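The values are calculated or read from the model by the stated rules, or taken from the named source; none is laboratory data. Not measured: the values here are computed from a predicted model. A quick note on method: Cβ atoms are made from the backbone with ideal geometry, for glycine too, and the neighbour counts reach across all protein chains shown.
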Amino acid sequence: MPEHRARKHHQDRVAETLKEEIGAMIEGELSDPRIDLCHISEVALNPGAKSARIYVVVDSNAADMDKAEKQTIAGLEAAKGYVRHQLKERMGVRHVPELSFLADRQDRFEARIEELMSRSRKYAARASKAGAQSGQEQQVSSSGAAAESAPAE
């Protein structure tokens, strides 16, 4: 089966254009109060370019990140028609893919995994340190016992 490098290159260019244009709209044109400070991390275009998944990272330091993400996604979903209309005009294409906005939680998952890994490293270091100390104590007590049991000359 031959590779379709030109098709893949075209899809990558379209995805990058979607990312830039939607990002610009989020920064300046969309005034929905539900949309928090965010940016587009990735645009995944389906092979036929009929639909695209837009992954959004919410840059909020709010106490309830889940709520902020849900509100931002809801605001973006509500503005989907406007965004598609603007994309059609800006890109000069006949068909704009169907858009679906999703929260990108990859950074938070990576941070949590890193936190758990550092905990396990600390635990392993403590365990090996405690094992080394008990090993030294055993060597000292066994060498002392051997010295006591050996006849003095």
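So that you can scan it fast, the table gives a plain yes or no per residue for (1) among the acidic types (Asp, Glu); (2) closer than 14 Å to Pro97 by Cβ:
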site	(1), (2)
Asp36	yes, no
Ala49	no, yes
Tyr55	no, no
Asp59	yes, no
Glu69	yes, no
Leu76	no, no
Ala79	no, no
Gln86	no, yes
If Lys80 satisfies all but one of (1) more than 15 Å from Asp32 (Cβ to Cβ); (2) surrounded by 14 or more Cβ atoms within 10 Å (Cβ to Cβ), what's the number of the condition it fails? (1)
Output the residue which, of all residues in segment 1-53 that are over 24 Å from Asp107 (Cβ atoms) and of a type in the set (A, V, I, L, M, F, W, C), is farthest from the chain's Cα centre (by Cα). Met1
Members of segment 15-36 that are touching a helix residue (DSSP H, G or I) at 6+ places or on another chain (Cβ under 9 Å) and either closer than 17 Å to Ala74 by Cβ or in contact (Cβ under 8 Å) with a residue 60 or more places away in the chain (or both): Thr17, Leu18, Glu21, Ile22, Met25, Ile26, Leu30, Asp32, Pro33, Arg34, Ile35, Asp36
Looking at this structure, is Val83 assigned to a loop (DSSP other than H, G, I, E, B) and either β-branched (Val, Ile, Thr) or not assigned by TED's automatic domain parsing to the domain that holds Gly23 (or both)? no
Quick one: in segment 21-80, which of the residues that are out of contact with any Leu (no Cβ under 8 Å at 6 or more places or on another chain) and hydroxyl-bearing (Ser, Thr, Tyr) is modelled with the lowest pLDDT? Ser31
